[in-house]
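Notes to accompany the following structure.
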Amino acid sequence: MKKVSLIVNGVQRQFVVEPDYILLDLLRKELRLTGTKQSCDRKGQCGACTVIVNGKSVRSCLTKVVNLDGAEVITIEGLGTPKNPHLIQEAFALSGAIQCGFCTPGMIMAAKALLDKNRDPSVDDIKKALRRNLCRCTGYKKIIEAVRLAARFLRGELTPDQVRPDPKQGLIGVSHPRPSAMIKACGVAEFAADIHVSGAGELATVHSPYAHALIKSIDTSAAERIPGVIGIMTAKDIKGTNRLKYMVPDRPILCDAKVRFIGDPVAAVLAETREQAVSAAQAVKVEYELLPVMMTPEEALAVGALQIDPDRPNLCFTQPQIRGDAEAALEKSAAVLETDFSTQTNHQAPLEPEACVAYLEEENGDLPTLVVIGRSINIHYHMGMLQDAVGYENMRYEEAYSGGQFGIKIDVTSEGLAAAAALHFRRPVRYIPSLVESMWLTSKRHAFRMKVRLGADARGKLTAYCIDFTVNNGAYYSNGNVIVNRALLMLSGSYYIPAVRAMSRLVYTNTIWGAAARGAGPPQVNYALESAMDMLAEKMGIDPLEFRLMNILKPGQPKSTGRVAEQWPLPELMEAIRPHYNRARNDASEFNRKGGTVKRGVGLGTGSFGIGGPGDTATVAVELDLDGGLTVFGAAADPGEGNDSMLTQIAAHLMNLPMDKIRLVTRTTGRTTAAGPAAGSRITYMLGGALVDAIHKLKSAMAEVSAVTAEQLQASGKPTRYMGTKKNEDAGPLDPQTGQGPSFESQVHAVQLAEVEVNTATGEVRVVKMTTAVDAGRVINPKNLEGQLEGGMDMGVGFALREIYIDGQTKDWVSFKFPTIGHSFEMETIIRETPRTKGPLGATGVGEMTMVPTAPAMMNAIANACGARVRHLPATPNKVLAALREAKG
Ligand code: FES
Ligand code: FES
């Protein structure tokens, strides 16, 4: 042990610590300065734990306290408070640089260390200073802008008040900072791991090292003897169904008979500390009997392959889509492109681990309420899943601030373990899994294999599209059929294709399970279609932009589902991108004229993305408060998209109130009603729509009795609370034989332009610039909209070029190849606003849009640069070189 003196945020303190005690633990555990975060497994990979020590930014997870005697430490809490923020915190909030906010404290501390020394940093200086700080939400563009704005504040050139939008400018279409931005900037927004629960035990889980095996026995005796262990839970201790049923009841909280992928949870240990729980989990001995492993759909569909799920065949879902006679149309086509594509299994990669907390809340001797605080994006639905799985009805789910999700939280994960443990051990439980555990606990983006044929007539008009796609569903079903159906619902993308024939297969395998991931199905099939569009255009000698323009669907024409589109503002987007396309082509020609091994290329991709889904419905309530404010009750999860802004700005606008008079109650099942998931880019359209309906009802009631206050409403016998709903008028499933049927009430559209440089010697690809032209209907908050588009482009490039999840190998942010600020690139967003006829104030959703066309735009740009057509993502240097060799014959 050693005694150490430290000044922490200006206060002199003394600590007696062990040699290995790290600063991150001292700050978070001893001092409860939980603004300092942890994302990676203390490997120095994420930067979320960044603080300033003696004027330098350091990663507190790598810093031993014994080496800090006499040091001065500043954490995010030492900078400012929401009422009195530091100028850097102001700059981040005003720049729209804060989405989920999990990376924000670390980013701000790294920025402060830079700006303390350099008040006029260049972009390169900023990239260098923030090179160790990861962000999944923003694409880094607004973070760089925030640091530059902070520098201007610090140089005295501007004040925050000069930048802050004046409410007199209006509330809709204005980038007011998010209501939650400042508490995130100051490190006081509580994420699940930050919540203090007295007397809580810490959970750790035993995961299978095998992809497919029977569980023969579990020996917990050695683990039980480890000091601090409260107990060990196996499947037999779970009183409910032990199945987390999203669509089908196949995924256990803890495996009982067999394991189905590397990482499947087998047992859980509760101990006084996380370290003790982890040690005990390692001491649990599980005896397995290995079974044949099927990692690919081909293996799982082979004759005689073992059935993975006892109740469903390995081919667990299939849905065709047939429109016209595609085979005959291809026969008659002037040109036909036939090829195949595939996409990889990928991790959604929210920065925050899958943390959650569960405890029993006792009141007056009543049956205790099981409270689960986690990262759900669908709190009512998930609570129902948990109630069945753990066999306990009296439950409340609360959503903590959440460090991103991107589809990963469509399904319940760590909450099942924490809830079951809280019931079994009758102790409050904190489950703060490591990053690698979080990767094992969660779904991934499905890998697709696609064979396509695309035909056109002699004028270049598309005639038919055939696609045969197989989806690796992994070990559990989750919402696999939804992913397949979404791929079919948006199969013809932005185009009118007279004849379509699609066959789909969803297949159980022994890989990690797939579910939602930003875009959820369309990014995979759109990559195939948009790549095929370029390949066919090249075959026919037609410019890719002109080829797209001549085939874009027009209002009144049907999509591949047969549904006729009412609004389709894509031609305008093509024209908006045209000057950028021409400029980029000229730049590339100029660049390539110089010669050398690096070639520049330009590629396009388009996307038309459906919002919500057929039959979607949502409810939101509003209540006029006695002080003249308005409370909005709606289960609108906000893992970073800015749904708090959307609800607040719409409500303030319609009620003619200042934004601080709008109160949001969105994060608890106790005070909201079911409203569906924060998925499918649906929250603005569906919950915004329900909010508008609720406010119209309130205002009608007020007008009826000439009331302007809640008291007057009450005095006239009218309620002060009104429920609004929004329903997608198009409802029902696709026809099981033809895949024809209902579709989306509203879509968002984009045309994307990628400019890349390809090093033909190494296969390395550098993104020079990405430009997107998007029509998302009426814009509520431009900076929030841009933030979604920029984050989607960054994620799309990661998907296109490098990210991959490999069972048993991907264990941290380095092996996953998380995009850093060093990979960031210039982005431009062009916004057009065609008000949607049925959207709230004309708005629609946009969160997933740029994920859809980015990968094909990238691959088309690589092919344009050097002839290398990469058909199997990600386009790693080796694959680019192989494609180059193939192109050269
Ligand atoms: S927790 Fe310190 S760098 Fe990730
Ligand atoms: S805002 Fe950076 S990780 Fe979410």
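The values are calculated or read from the model by the stated rules, or taken from the named source; none is laboratory data. Predicted, not measured: the structure shown is a model, and the values here were computed from it. Virtual Cβ from ideal backbone geometry, glycine too; neighbours counted across all protein chains shown.
Quick notes on this one:
- Only one of the numbered conditions (1) buried (at least 24 other Cβ atoms within 10 Å of the Cβ); (2) touching a Pro at 6+ places or on another chain (Cβ under 6 Å) is not met by residue 857, and that is (2).
- Residue, farthest from residue 429 (Cα to Cα), within region 365-388, restricted to residues that are among the aliphatic types (A, V, I, L, M) and in contact with a strand residue (DSSP E or B) (Cβ under 6 Å, 6 or more places away or on another chain): 379
- Any hit, region 119-128, residues being closer than 23 Å to residue 783 by Cα, more than 16 Å from ligand 1 (Cβ to nearest atom), outside the structural domain of residue 406 (by TED's automatic domain parsing) and touching a Phe, Trp or Tyr at 6+ places or on another chain (Cβ under 9 Å): yes
- Scanning region 243-289 for residues that are surrounded by fewer than 23 Cβ atoms within 10 Å (Cβ to Cβ) and in a helix (DSSP H, G or I) gives 274, 275, 276, 278, 279, 282, 283.
Residue-wise test of (1) closer than 25 Å to residue 171 by Cβ; (2) touching a Lys or Arg at 6+ places or on another chain (Cβ under 9 Å).
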{"site": "581", "(1), (2)": "no, no"}
{"site": "602", "(1), (2)": "no, yes"}
{"site": "607", "(1), (2)": "no, no"}
{"site": "625", "(1), (2)": "yes, yes"}
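- The selection criterion, being outside the structural domain of residue 833 (by TED's automatic domain parsing), more than 16 Å from ligand 1 (Cβ to nearest atom) and touching a strand residue (DSSP E or B) at 6+ places or on another chain (Cβ under 6 Å), does not hold for residue 83.
- Failed item, numbered, when residue 297 is tested on (1) buried (at least 21 other Cβ atoms within 10 Å of the Cβ); (2) within 33 Å of the chain's Cα centre (by Cα); (3) more than 20 Å from residue 516 (Cβ to Cβ): (3)
- Residues within region 620-655 that are buried (at least 23 other Cβ atoms within 10 Å of the Cβ), among the small types (Gly, Ala, Ser) and more than 14 Å from residue 672 (Cα to Cα), tallied: 4
- Set side by side, the residues 149, 114 differ, and just one is away from ligand 1 (no atom under 16 Å from the Cβ), farther than 25 Å from residue 649 by Cβ and touching an Asp or Glu at 6+ places or on another chain (Cβ under 9 Å), which is 114.
- Filtering 504, 560, 531, 589 for residues that are buried (at least 20 other Cβ atoms within 10 Å of the Cβ) and in a helix (DSSP H, G or I) leaves a single hit, 531.
- Hits in region 219-242 - residues which are closer than 20 Å to residue 310 by Cβ, surrounded by fewer than 23 Cβ atoms within 10 Å (Cβ to Cβ) and out of contact with any Asp or Glu (no Cβ under 7 Å at 6 or more places or on another chain): 234, 236
- Options 66, 11, 53, 58: the member that is in contact with a helix residue (DSSP H, G or I) (Cβ under 7 Å, 6 or more places away or on another chain) and either at pLDDT 95 or above or away from ligand 1 (no atom under 16 Å from the Cβ) (or both): 53
- Members of region 121-137 that are outside any loop (DSSP other than H, G, I, E, B), in contact (Cβ under 8 Å) with a residue 40 or more places away in the chain and basic (Lys, Arg): 127
- Looking across region 737-770, the residues that are over 27 Å from residue 488 (Cα atoms) and of a type in the set (S, T, N, Q) come down to 759, 760, 762.
- Selection status of residue 13, away from ligand 2 (no atom under 16 Å from the Cβ), of a type outside the set (A, V, I, L, M, F, W, C) and buried (at least 20 other Cβ atoms within 10 Å of the Cβ): no
- Segments classed as strands (runs of 3 or more DSSP E), wholly inside region 371-462, with at least 1 members that are assigned by TED's automatic domain parsing to the domain that holds residue 791: 447-456
- Among the conditions (1) surrounded by fewer than 20 Cβ atoms within 10 Å (Cβ to Cβ); (2) in a strand (DSSP E or B); (3) of a type in the set (A, V, I, L, M, F, W, C), residue 767 misses just one, which is (1).
- Selection status of residue 341, under 30 Å from residue 461 (Cβ atoms) and either assigned to a loop (DSSP other than H, G, I, E, B) or modelled with pLDDT of 95 or more (or both): yes
- Filter result for residue 357 (without any contact (Cβ under 8 Å) to a residue 40 or more places away in the chain, among the β-branched types (Val, Ile, Thr) and not in a loop (DSSP other than H, G, I, E, B)): no
- A count restricted to region 418-461 and to residues that are of a type outside the set (Gly, Ala, Ser), more than 24 Å from residue 376 (Cα to Cα) and in contact with a strand residue (DSSP E or B) (Cβ under 9 Å, 6 or more places away or on another chain) stands at 8.
- Residue within region 328-344 that is under 30 Å from residue 512 (Cα atoms) and within 16 Å of ligand 1 (Cβ to nearest atom) present: no
- Elements of type helices (runs of 4 or more DSSP H) in region 138-225, at least 1 residues being in the same structural domain as residue 264 (by TED's automatic domain parsing): 221-224
- Only one of the listed residues (707, 701, 674) is over 26 Å from residue 401 (Cα atoms) and surrounded by fewer than 18 Cβ atoms within 10 Å (Cβ to Cβ). That residue is 701.
- When residues in region 609-646 are screened for being outside any strand (DSSP E or B) and either in contact with a Pro (Cβ under 8 Å, 6 or more places away or on another chain) or under 17 Å from residue 849 (Cβ atoms) (or both), 14 of them pass.
- Evaluation of residue 404 against (1) buried (at least 23 other Cβ atoms within 10 Å of the Cβ); (2) at negative phi; (3) touching a Phe, Trp or Tyr at 6+ places or on another chain (Cβ under 9 Å) (one fails), failing number: (2)
- Filter result for the condition that a residue is at pLDDT below 95 and over 26 Å from residue 808 (Cα atoms), over 384, 365: 365
- Exclusive hit being under 30 Å from residue 32 (Cα atoms) and touching a residue at least 12 places away in the same chain (Cβ under 8 Å), set 215, 226, 172: 226
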